[in-house]
1. Please work out the FRET efficiency for the pair A:R146 and B:N274, using the Cβ-Cβ distance as r and a Förster radius of 25 Å; give the result to the nearest 0.05.
2. Based on the Cβ-Cβ distance from A:H260 to B:E132, what FRET efficiency comes out when R0 is 22 Å, to the nearest 0.05?
3. Is any helix in chain B, taking whole DSSP H runs, at least 24 angstrom long along its axis by alpha carbon and on average at least -0.5 on the Kyte-Doolittle scale, and which ones?
4. Which Rg and Dmax, in Å, describe the Cα atoms of the range B:194-317?
5. What ranking do C:204-212, A:95-103, B:67-75 get when scored by the average of other Cβ atoms within 10 Å per residue, highest first?
6. Which peptide among B:293-303, B:209-219, A:104-114, B:251-261 comes first, and what is the full order, when sorted by highest mean count of other Cβ atoms within 10 Å?
7. Leaving ligands, DNA and RNA out of it, report the carbon-plus-sulfur percent of the accessible area of the range C:72-276 at a 1.4 Å probe.
8. State, to one decimal in nm, how far the label point of A:D293 lies from the label point of C:R106, with both points 7 Å from Cα in the Cβ direction.
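The values are calculated or read from the model by the stated rules, or taken from the named source; none is laboratory data. For clarity, every value in this text was computed on a predicted model and none was experimentally measured. Glycine gets a Cβ as well: all are built from the backbone with ideal geometry, and neighbour counts include every protein chain shown. Side chains are part of the model used for accessible areas, which takes the heavy atoms of the whole protein and leaves out ligands, DNA and RNA. Shrake-Rupley method; radii C 1.70, N 1.55, O 1.52, S 1.80 Å.
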Amino acid sequence: MSLLSVRNLTVRLGREADAPAILDNISLDVDPGETVGLVGESGSGKSTLGMSVLRLTPPNLAAGTTGEIFWRGEDILKMPAKSLHKLRGGEISMILQDPMASLNPVFSVGSQLKEALRRAGKPDLAKAAEAALAEVNIPSPAERLRAYPHQMSGGMRQRVVSAIGLAQDPALIICDEPTTALDATIQYQFLDLLRELQRAHHMAMLFVTHDFGVVARICDRVAVMYAGRIVETGPVREIFRNPQHPYTRALLAAVPSTSHALDRLPMIEGAPPSVGARPEGCAFHPRCPLAIDKCRMQPATETLRPGHTVACWRAREEVA
Amino acid sequence: MTAILSAHGLGRAFRVRKGHLHALTDVNLDCEPGRSLGVVGESGCGKTTLNRLLLLLDAPTTGEVRFKGKSLATLTAPERKAYRKSVQPVFQNPYSSLNPRLRVRRIIREPLAAATDMSRREIDARVDEVLEAVGLSARDGDRVPAEFSGGQRQRIAIARALASKPELMLLDEPVSSQDISIRAQILNVLKDLRAEYGLATLFVSHDLATVRFMCDEVIVIYLGRVVERGPAAKICTAPDHPYTRALLAAALPADPDAPPADVPPRGELPSPMNPPSGCPYHTRCPFSRDVCATARPPLEPTGDGAVACHMTHAEDW
Amino acid sequence: MQKYSFYAAIGLLILFVLTALVGPYLIEHDPLRGSLRARLDPPFWIEGGSIEHILGTDRLGRDMLARLVQGARISLAVCVVVIGIAGSIGTAIGTFSGYVGGWVDRLLMRIVDLALSLPVILLALLIGAISGPSFANIVIVISLVLWSQYARMSRGEALRVKNEDYVALARTSGLGHGMIIFRHILPNIAPSLIVVATLQVGVVIVLEASLSFLGVGVPPPNPSWGSMVADGRGLVVTAWWISLFPGIAILLVVMAVNIVGDALTDRINPALRGRTA
């Protein structure tokens, strides 16, 4: 059984049925121990999806949320406040882009970490806190416990956030662009750390990012999002080697590479649509080089191969 | 060939509470006509300071910047005007670089009105021309920045830089705040414009892949010092300096089967307030030996480039 | 709900301004001249009152309505003049201070701190005692108190705006500092200053009323709302209308101004708006 199972999740900007939808009919599964990447450009809804899982969206979005999000079979959207509170930071924890937003500037790193460990019911807090910092590869952990968040670098803060997130041995960790604010060499090390931790704790990860390099490095499966919908999902190798949706293909082609110099980058004309102005049918059709009349209607999500699904009229044609 | 803009032993130290912060030390570079130079480094390496010095927004503490062979500090008023006209910047964040209360036409007109003797009519014609050159329309000139997306705003910023027919554009991370599809568009526009107008560019970036696409030659900066320079193809595929190799490993390719990095990055950036002795990179370098902590390796030529590393001398490293 | 109170407040403010501008021409009674035969007439709906003096008369038999309307005019005049003077001086000093920075900034901000710690009432009484109550007096005292708030606000905004890239770009284009301040800094500061000015209308009205109440404001027999409240002080039990009506007028106008000011703050300062949403 899937750990997390999102079914027909729609998130509108308000309760009205005709309010613009940030997420439109999303279905997605995360199995124990696997890393699922949510990749897309800004406004694709990838972050909203991450936040929706723990019902952390702002009230107007929460009011416009329909569908189901099953956690071990129980619908998070119908969960009483008390169970939800236990789930947050317990079985599911989060790492956000800005570690300062997750850390309280007036308390030391140690006291924030111990707070989380106390919630987890760990006995020797001081020792556990030191071990937790050591586990995320923070040098001289005993001294760093006394430090305040502002005294640490961005990379170190993000490690502290991870240590706090791991305190209660979560089964799923939702990462929302956790390395976007970090330098490349620091990002590299943090991604390595996340992978190690994931293996050691047998956690699943839902990893929101806009960076295909990061996806290739850390994810087992990928869901490509465009304008509030998942346009393609599949195992990471399938998506990189054999992308079926024109959007996925175009995005992958538009990423410059160090290994060879191009004269021009293959590119997609235009810009992603804003939430209120999404085209009818396949939202990508106005920018799609393969678009035909049929694309004005929403294509169904088809399974091409086991685990590889795509929502595109043309993709099915090619396979057939 | 005379460089349009060149830096000679350029350094900038800031006085801070406990001594001096050396943001940039002994940087030499030449921006030659039609060439594209890349400056690569991570946050805190001094690339922003370099950009500000080249733009006369700040004055160096050592060395000098020369415009066509003449020190920026000694330019006469007309020479300064010629410099303003010839060297134009594009900044990273197009939300900050366009005044929200001005119409696009007035934004683009600003450098023309200030640095050229063009008539009002000529200026208006030029504004239309550059708007079209970056893929917008003349009508867009009458709108305000809030009506445009991030990518379109960056096009406006580029149009503004283009307006005075510069010889050199200083591009400071012009695409790093943009989405992938928009990034490709802007990079292509920049490359097209460069070819069309024979522009020289200085491209500041943290991303080796973008630099490979945009630049002929690359300078790598670490803690305010140049550690390696060379042709973009070499720097981005087979660099010599361990820091550049770490940067290359950290530029994650969009390929799940990419081979593992030979020199994976490790460690944290040391405090620029208290930089390491000897080679600035030795605290993070996997090849570090005793000599690295005591003597700073000079930047020495190596065929088509230069590198500052003790390893290049020792056979047995 | 919030919307209705906003529109009600806007309506009230329009009424206030219209009253101040054209009201005096619509009322036949002279606000300064009374008739002793009509002393302390109550409002018309009270026994003894007449339709002649709708809101009654004061101790000297002057028509209350005429005086209220004339008082609105005085309040508005004080507001416009004070906010004009304090606003331009404060904005000029604050913008300059923030833009230049360094020791100039530190010095000017100490002066602002000093201005913020002035004891208003004491100062007013002192000036009043020396030169006697006058319109100029009021303007000087209130401006002295209020300019510092514009200075504070515009300095903070100037510090923010001067670090925007468009200012750096303007400098690289060779624009002079004056041009940069007028083209790039001031227009981007203006919205916040308008919010301050709106919220200060209420402060000015209350200060003017307080000073007039204390007898160092608008000199008699001119009807300021504050001095009208003071006039009725001794007669609150028998002739309550003398103090009550100007009191209500002050309350309504200040409340309306604050509602509009808050709404503007929400509009203009998205950071604050996010916090309330």
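1. Once the sixth-power term is evaluated, E becomes 0.80.
2. After rounding to 0.05, the efficiency reads 0.10.
3. Sorted by number, the helices that extend far enough and score high enough are B:180-197.
4. 15.4, 51
5. On the way: C:204-212: 24.6, A:95-103: 18.4, B:67-75: 14.7.
Final packing ranking: C:204-212, A:95-103, B:67-75.
6. On the way: B:293-303: 13.6, B:209-219: 24.1, A:104-114: 17.7, B:251-261: 16.2.
Answer by packing, highest mean first, reads B:209-219, A:104-114, B:251-261, B:293-303.
7. Details: 6490 of 9040 Å².
Its accessible area is 72 percent carbon and sulfur atoms.
8. 7.6
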